[in-house]
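The values are calculated or read from the model by the stated rules, or taken from the named source; none is laboratory data. All values reported here derive from a predicted model rather than from experimental measurement. For neighbour counting, all protein chains shown are included, and Cβ atoms are generated from backbone atoms with ideal geometry for every residue, glycine included.
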Amino acid sequence: MDFDYDLFVIGAGSGGVRAARRAAETGARVGIAEADRVGGTCVIRGCVPKKLLVYASQFAEEFEDAAAYGWKVGPTEFDWPTLIANKDKEIARLESVYRENLAKAGAELIETRAVLVGDHRVRLEYTGRVVTAKTILIATGARPSPHAALEGHEFCITSNEAFHLKELPKKILIGGGGYIAVEFAGIFSGLGVDTTIVYRGREVLSRFDMDLRRLFHAEADNKGVKFRCGEVFDRIEKQPDGRLIAHLSGGDVEQTDAIMLAVGRVPNVEGLGLETVGVTLDKTGAIEVDEYSRTSASHIYAIGDVTDRLQLTPVAIHEAMCFVETVFRNRPTKPDYNKVATAVFGHPEIGTVGLTEDSARERYRNLDIYKSAFRPLKGTLTGRTDRMLMKLVVDADTDVVLGAHVLGPGAGEMAQLLAIPLKLGATKADFDATMAVHPTAAEELVTFSAPNERIRNGETIVPGREARQPIFSSPVVTA
Ligand SMILES: Cc1cc2nc3c(=O)[nH]c(=O)nc-3n(C[C@H](O)[C@H](O)[C@H](O)COP(=O)(O)OP(=O)(O)OC[C@H]3O[C@@H](n4cnc5c(N)ncnc54)[C@H](O)[C@@H]3O)c2cc1C
């Protein structure tokens, strides 16, 4: 059969754009449909605008700290509309770069919603035209869960709307305890908004190492974020003046200007025509794929958030490249999810790679845990009491470093570099053999002398006092 395209991609986000470009570079005829703005979640309403808002929210502390370093900073004032306008300008620039890159690679961008209408057949909703493709790639991403079961959810915003608020609220409640919830809590609180996290679990950031979670909570609390863990919203009401009333499961009632829900993301599968072509979903509602991202229909593949493997931009991009290797370069390649580094751009920041202590305990009998919490050098003049945490989880039998966890300034950048030795299987001895860069916070990672905890046959042994690292105590400035 003669097809209009060798590949038709549905969704021009992180995964879809990369797959379209790379496939087109092999000489394939590629079409890509986008229903909204090119760039998808990451560029338009995710990673990039979020990080810009995070930068904005860090200035208040910098202004405060400047005085201890001899600077006189005059009165400061923050203007939300200026930030949003500048952010929008940058996002528009990035969107045009994405468009240019698609064009340069020779992929045809079609601005329309697309749906599957039969084997190898895609209908372009804007014109109604049906096109055919030998291979179809679904890269439609995910969207914030509206939490439809919550009475009054329609009065709440999600991260999508948070990027376009006309004005900064004076007070906000954020529902959720994942990375999006805590990042936005840092943004709003840093910009002076009275911010409370309402989270059903006992501690936020459930997938992270427990030491990071506890210290994150304590430090964010010090910076002014309030936490209501173990509670949920029972219902939300809107008053005639536009303010909201949140009824909490503990019985309290809070009046607030805004409520943001960050309670999970839903794969974009509705109305795609999946049932027409026999593409099945898993029990979470994500598209089911095999190790090569192939769906239950042999000519249809799916990558990125719509498959809900790891909802991160670099993962969607990696899956895209593996797909192109497999289908267009005849080199079957499975995505590799081992030791994926991640960051939480909260106040404070988190960077992490590899196993948490708890997950290492489930798999290994003998572990050495190294950790150090300290006040970074910069805080010594300012009197700021923020602490950093560095932690290594080591397999005591092989000396291999299984996990590295950092909390504090630059943690995300450190996690990126830590991912390389961990991926290579570096041992604690390799870390020790690496000369420190002084004075840095990261030097802690290569100067740990003795473990804080030894786990032997699953039992925790705390070494003698003389061998312990200072934990949660003094500033560390070694020389
Ligand atoms: C607030 C926030 C912050 C984040 N921060 C980070 C971060 O710091 N680091 C990180 O790695 N990840 C982060 N992420 C996650 C990251 O954005 C996603 O993992 C990534 O964008 C997924 O890429 P994707 O290609 O699967 O989907 P998307 O980027 O969501 O792209 C899907 C595209 O498909 C389009 N589409 C959907 N249906 C159709 C259809 N039928 N026809 C045509 N087009 C369609 C959509 O409009 C969209 O443009 C963040 C996400 C959010 C929400």
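Quick look at the numbers
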{"read-out": "Members of segment 165-194 that are within 16 Å of the ligand (Cβ to nearest atom) and without any contact (Cβ under 8 Å) to a residue 60 or more places away in the chain", "value": "177"}
{"read-out": "Flag if residue 440 is of a type in the set (S, T, N, Q), loosely packed, with under 15 Cβ neighbours inside 10 Å and within 26 Å of the chain's Cα centre (by Cα)", "value": "yes"}
{"read-out": "Test: residue in segment 226-245 that is among the small types (Gly, Ala, Ser), surrounded by 20 or more Cβ atoms within 10 Å (Cβ to Cβ), away from the ligand (no atom under 16 Å from the Cβ) and under 27 Å from the mean Cα position of the chain (by Cα)", "value": "no"}
{"read-out": "In segment 322-342, the residues that are in contact (Cβ under 8 Å) with a residue 60 or more places away in the chain, within 16 Å of the ligand (Cβ to nearest atom) and buried (at least 20 other Cβ atoms within 10 Å of the Cβ)", "value": "323, 324, 341"}
{"read-out": "Residue 31 being without any contact (Cβ under 8 Å) to a residue 40 or more places away in the chain and more than 7 Å from the ligand (Cβ to nearest atom)", "value": "no"}
{"read-out": "Check on residue 381, over 19 Å from residue 216 (Cα atoms) and in contact with a helix residue (DSSP H, G or I) (Cβ under 9 Å, 6 or more places away or on another chain)", "value": "yes"}
{"read-out": "Top-ranked residue of segment 109-120 - restricted to ones that are within 14 Å of the ligand (Cβ to nearest atom) and farther than 13 Å from residue 36 by Cα, ranked as surrounded by the most Cβ atoms within 10 Å (Cβ to Cβ)", "value": "116"}
{"read-out": "Among (1) more than 27 Å from residue 296 (Cα to Cα); (2) within 15 Å of the ligand (Cβ to nearest atom); (3) among the polar types (S, T, N, Q) - the single one residue 82 does not satisfy", "value": "(2)"}
{"read-out": "Hits in segment 134-145 - residues which are near the ligand (Cβ under 8 Å from one of its atoms), in a loop (DSSP other than H, G, I, E, B) and among the small types (Gly, Ala, Ser)", "value": "139, 141"}
{"read-out": "Residue match in segment 124-138 (condition: closer than 19 Å to residue 35 by Cα, at pLDDT 95 or above, in contact with an Asp or Glu (Cβ under 6 Å, 6 or more places away or on another chain) and surrounded by fewer than 22 Cβ atoms within 10 Å (Cβ to Cβ))", "value": "yes"}
{"read-out": "Segment 42-53 residues that are among the basic types (Lys, Arg), paired with ones that are more than 7 Å from the ligand (Cβ to nearest atom) and outside any helix (DSSP H, G or I) (beta carbon under 6 Å, 6 or more apart)", "value": "45/163"}
{"read-out": "Output for segment 1-28, where each listed residue is within 14 Å of the ligand (Cβ to nearest atom) and not small (Gly, Ala, Ser)", "value": "8, 9, 10, 17, 18, 21, 22"}
{"read-out": "Check on residue 3, aromatic (Phe, Trp, Tyr), more than 30 Å from residue 86 (Cα to Cα) and in a strand (DSSP E or B)", "value": "no"}
{"read-out": "Residue in segment 372-424 that is surrounded by the fewest Cβ atoms within 10 Å (Cβ to Cβ), counting only those that are more than 30 Å from residue 62 (Cα to Cα) and out of contact with any strand residue (DSSP E or B) (no Cβ under 6 Å at 6 or more places or on another chain)", "value": "424"}
{"read-out": "Restricting segment 246-262 to residues that are among the hydrophobic types (A, V, I, L, M, F, W, C) and out of contact with any Ser or Thr (no Cβ under 8 Å at 6 or more places or on another chain), the residue that is surrounded by the fewest Cβ atoms within 10 Å (Cβ to Cβ)", "value": "253"}
{"read-out": "Residues that are under 20 Å from the mean Cα position of the chain (by Cα) and surrounded by fewer than 23 Cβ atoms within 10 Å (Cβ to Cβ), drawn from segment 166-179", "value": "178, 179"}
{"read-out": "Filter result for residue 19 (buried (at least 16 other Cβ atoms within 10 Å of the Cβ) and assigned to a helix (DSSP H, G or I))", "value": "yes"}
{"read-out": "Some residue of segment 125-133 being in a loop (DSSP other than H, G, I, E, B), within 12 Å of the ligand (Cβ to nearest atom) and within 22 Å of the chain's Cα centre (by Cα)", "value": "no"}
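This table checks each residue for (1) among the β-branched types (Val, Ile, Thr); (2) within 16 Å of the ligand (Cβ to nearest atom).
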residue	(1), (2)
253	yes, no
276	yes, yes
292	no, no
305	no, yes
315	yes, yes
